[in-house]
Amino acid sequence: MLRASVLRLFSQPIRQTVYLRECLDTSAFPNTLKLYSTQTAVKEQPGTTVSEKEAEETRIGKRRPLENAPFIRELFLGRFAKEMLVYPEMTKEELEHLNQMVQPIEKFFNEGLDSKSIDVNAKIPDEVLQSLKDLGLFGQQIPEEYGGLGLNATEFARLAEITALDGSIAVTLAAHQSIGLKGILIAGTAQQKAKYLPKLATGEHVAAFCLTEPSSGSDAASIQTRATLSEDGKTFLLNGGKIWISNGGIADIFTVFAKTKVTVDGVEKDKVTAFIVEREFGGITSGKPEDKLGIRGSNTCEVHFDNTPVPLENVIGEVGGGFKVAMNILNSGRFSMGSSGAGILKKLIGMTCEHAVSRKQFGSPLAEFGLIQEKFAQMTITTYAMESMAYLTAGVIDLYEKPDVSLEAAIVKVFSSEGCWSCVNECLQILGGLGYMKDYPYERYLRDGRILMIFEGTNEILRLFVALEGMKYAGKELKDAVKIARNPWKNPGVAWKMYKKAVSRQFSSKKRNSENAVSVHQPYNSKLKLHQSLHNTLQYEALLLEGCTEAFQKVVEHLLITHGKEIISAQMDLAKVSNIVIDLYGMTACLSRSNRSYCLGLQNADHEIMLTKAFCKDATKRINTNLKEIYSGPVENNSENYEHIAQAVFKHGGYAASHPLERMW
Amino acid sequence: MSGFRILVGCKRVIDYAVKVRVKPDKTGVVTEGVKHSMNPFDEIAVEEAVRMKEKKLASEIIAVSCGPQQCQETLRTALAMGVDRAIHVITEPKEYESMQPIHVSKILSKIATEEKADLVIVGKQAIDDDCNQTGQMTASLLDWPQATFASKIEKSNGDLSVMREIDGGLETIKVKVPAVLTSDLRLNEPRYATLPNIMKAKKKPLVTKKPSDYGVDITPRQEIVSVEDPPVRQAGQKVESVEELVTKLKEAGLV
């Protein structure tokens, strides 16, 4: 009851816990670390001939196998992969080529586009869509052999910075290629790719991703749409309705998720399967475009399937393997939201800056007022961190053979969507009344940007995802330690030590606070030696990051011991864990990037150093607050009160306090 | 006749949207870290050449750019727009600062002869130095007819009929091929280089040459003494009445 009511706060059905529990269940998700180590082992086999090795090397190009386990997951164990402090970079030729591609797109978005009318008319004009297709923007990540541009993650992220300048177009493009056709790209067979990708690459066909249903939002496993296999076993009949489908009205190819009957160990079960469905197959109707708060020009509507015949060969992946396909698609699409957000913010900061230096009040320009300066500083720090995280993540995707960046990408999505919202809001605020007017683009960016916190996994779900996946990873390794700690009677020695520690904590709040807060070592005391990977200028920040990493590992252990398997329902603590790890990733990315800029002597590198120092300071403050809250427990950190208050509201069906003017006598 | 071989000039200039700043030591303008792109008039020249090829009037288009290493980016843009191959005449950045239209004209005319070009199309001027000389001088060096400031180019019986923008109107002239044309603003609207074409352009040939390969000496013969910002406009004054205005004008000795 309690859990259900809290869950409803997020407007998610209870079933989401099933997904979360599946995440925790190791058998459902193979141990990624093991995956990497076996791959490396295979490659190093002495028996492999040179030609085989060469062939392998050409296939993967410059990519190298991920030697260290996934960065964020490892942080949960207090381990820090120092490669992350070497910021990824492109070769000179790659960069020149990329800049070449940036030019025409920038030109098109700055000159050839009327975003205001797209917003007002709630439609992207056909000729604009055609220009976007001609420019090649519909096939960005499709390999060249299928007529696409074959962009890697970094290049894709760079172009997203520009396409983000119009929210409606950005979402149309993302629905098409980040999710719509991604299934075919990452899990499709050679035949499926050859059949569908060329037309999708040119934009002759537009794709859409059909997962959400009226009763199934974040809880993807609970969908009702059904695919029934015909008697001859060659065709599925698809029935059901999907809602809020981006490009639903204009798409020709749909990636559809539906329940199918699968026999596992002799037991018949309902499992999700992914299908490629052509509009041509028949029985598909699209509703009228939804009227939305923002991204109004992007087409969003219902899509219904009425006995739509789908041939067996159009299953993506395996029958019954659709849930994994859906998660892989969503996980792989998120990283570019960071660069999109940064693209928008860089433009708005420039525009707002012009206003701040020219607008005079009380005889001086706004730029001279402290409160305005504070806003600009915070916006710049956030944008810098966002950009750094986005390109670090993209770099990892490009650099390693089989990167697992699902947590990193989720972090980028959460941080950048919220950063975008707050910074656009501040820009609007600096403009004051002007910002509120439709003659200026601020209100449109605010409305457009709002969706970022909702779609592709709500930020609430993603916070839980990051924290739980990390906890699961740490839990496996700490299993024995946690077992001992949770069963003190079997291990009296350990139990006694812990008891002593607990008692001393209880009686000395001062000691408790100092023990649990982030401590900054002297360089010679440092264990991780992060400062050795960074320029001397950043030594203090390196030590801060180390201190935060250590404190984070301690709090993870603390939570595992306190909650055990019940951790999945400790959502308020999990969100705090996520917030800490978001800051850790932000610090890492900023340090890594500014270190590179400073060592290379890039223009304004000293400014970057200052941004990094400021971010690290702010992040450490936030981390300390989160640590304190977690250790102080549900009573002191108020989460118990929050639960009670929420329950009262649900019980009363709304705001429960009496009116302030009410009287009883 | 199988169509013209066209040579187009592509100068790399500071992007038109950039606010140009003078270097503190007044030796020139700040170019480092500043966005550059193809001279807009040259872009029009490239577009016209590509359109002629699309109409089967041209058989091959060769783009040329003189200047530092980064000019190759400009040439890649031209290749992406539809040019077949490119020649980069590389110069040291220092040399480039003092390079004049006469040098470029000499290089262009040598290449035109070597490549057996039928047409040379260049922008009427570059937006950085506004010289408006290269086309004319190239024509002179080659001893070819010229049609400058073109706003429409049509083929008529093996010759070209070119509508030119002149003071007060338009003039249509006929030129015999080979000829040198310079493009004006209204000749066409250049296309965007599409991403798939940029990918393809990577594989198109681009050769690098030196001015000396064409026997052109680009040793500076002039020296830049000083580059300065235009004077800041003085603020105006508001006057209350016509009388006041007249008095002020008289005071200033203007009436």
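The values are calculated or read from the model by the stated rules, or taken from the named source; none is laboratory data. Predicted model, so just to flag it, every value in this text is computed and none were measured. Positions of Cβ are generated from backbone atoms using ideal geometry, with glycine treated the same way; all protein chains shown enter the neighbour counts. Remember, those area values only see protein heavy atoms, side chains included, never the ligands or the DNA or RNA. Shrake-Rupley method; radii C 1.70, N 1.55, O 1.52, S 1.80 Å.
Check whether at least one residue in segment A:649-662 is closer than 29 Å to residue A:410 by Cβ, of a type outside the set (A, V, I, L, M, F, W, C) and modelled with pLDDT of 95 or more, and report yes or no. No, segment A:649-662 contains no residue that is closer than 29 Å to residue A:410 by Cβ, of a type outside the set (A, V, I, L, M, F, W, C) and modelled with pLDDT of 95 or more.
Among residues of segment A:190-212 being under 16 Å from residue A:275 (Cβ atoms) and out of contact with any helix residue (DSSP H, G or I) (no Cβ under 8 Å at 6 or more places or on another chain), the one that is least open to solvent (accessible area, probe 1.4 Å) is A:210.
Exactly one residue among A:584, A:574, A:560 is assigned to a helix (DSSP H, G or I), under 19 Å from the mean Cα position of the chain (by Cα) and more than 19 Å from residue A:416 (Cα to Cα), and that residue is A:574.
Examine segment A:469-484 for a residue that is farther than 19 Å from residue A:553 by Cβ, under 27 Å from the mean Cα position of the chain (by Cα) and modelled with pLDDT of 75 or more, and state whether such a residue exists. No, because not a single residue in segment A:469-484 is farther than 19 Å from residue A:553 by Cβ, under 27 Å from the mean Cα position of the chain (by Cα) and modelled with pLDDT of 75 or more. A search for C-beta distances below 9 Å between a residue of segment A:130-141 that is within 12 Å of residue A:159 (Cβ to Cβ) and more than 8 Å from chain B (Cβ to nearest Cβ) and any residue that is in a loop (DSSP other than H, G, I, E, B) and of a type in the set (S, T, N, Q), counting only pairs 6+ apart in sequence or on different chains, returns A:141/A:152. For segment A:344-361, the count of residues that are of a type in the set (Lys, Arg) and closer than 15 Å to residue A:161 by Cβ is at least one. Note on segment A:292-313: residues that are under 30 Å from residue A:163 (Cβ atoms), part of a strand (DSSP E or B) and charged (D, E, K, R) amount to 1. Whether a residue is assigned to a helix (DSSP H, G or I) and over 22 Å from residue A:170 (Cβ atoms) was assessed, and residue A:412 does not pass this test. Residue A:170 meets all of the listed conditions (1) more than 16 Å from residue A:257 (Cα to Cα); (2) small (Gly, Ala, Ser); (3) not in a helix (DSSP H, G or I) but one, namely (3).
So in segment B:181-197, with the set limited to residues that are in contact (Cβ under 8 Å) with a residue 60 or more places away in the chain and within 14 Å of chain A (Cβ to nearest Cβ), which one is most open to solvent (accessible area, probe 1.4 Å)?
Selected residue: B:189.
Any residue at all in segment A:557-572 that is touching a Cys at 6+ places or on another chain (Cβ under 9 Å) and either buried (at least 19 other Cβ atoms within 10 Å of the Cβ) or under 27 Å from residue A:464 (Cβ atoms) (or both)?
yes
What's the total number of residues in segment B:32-49 that are surrounded by fewer than 22 Cβ atoms within 10 Å (Cβ to Cβ) and within 18 Å of the chain's Cα centre (by Cα)?
5
In this structure, is residue A:125 surrounded by fewer than 22 Cβ atoms within 10 Å (Cβ to Cβ), within 14 Å of another protein chain (Cβ to nearest Cβ), at pLDDT 95 or above and out of contact with any Asp or Glu (no Cβ under 6 Å at 6 or more places or on another chain)? No: the conditions fail for residue A:125. Among the residues of segment A:517-549, just one is within 12 Å of residue A:620 (Cα to Cα) and in contact with a Pro (Cβ under 8 Å, 6 or more places away or on another chain), namely A:543. Checked against the criterion of being away from chain A (no Cβ under 13 Å), in contact with an Asp or Glu (Cβ under 9 Å, 6 or more places away or on another chain) and closer than 26 Å to residue B:225 by Cα, segment B:81-98 has at least one qualifying residue. Criterion applied to A:101, A:84 was being closer than 30 Å to residue A:526 by Cα and either within 14 Å of another protein chain (Cβ to nearest Cβ) or not basic (Lys, Arg) (or both), and the one residue passing it is A:84. Every condition in (1) out of contact with any Asp or Glu (no Cβ under 7 Å at 6 or more places or on another chain); (2) of a type in the set (S, T, N, Q); (3) open to solvent by less than 40 Å² (accessible area, probe 1.4 Å) holds for residue B:208 except the one numbered (3).
Okay, residues lined up against (1) charged (D, E, K, R); (2) part of a loop (DSSP other than H, G, I, E, B); (3) open to solvent by less than 40 Å² (accessible area, probe 1.4 Å):
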position: B:73; (1), (2), (3): yes, no, no
position: B:76; (1), (2), (3): yes, no, no
position: B:83; (1), (2), (3): no, yes, yes
position: B:87; (1), (2), (3): no, no, yes
position: B:94; (1), (2), (3): yes, no, no
position: B:99; (1), (2), (3): no, yes, yes
position: B:104; (1), (2), (3): no, no, yes
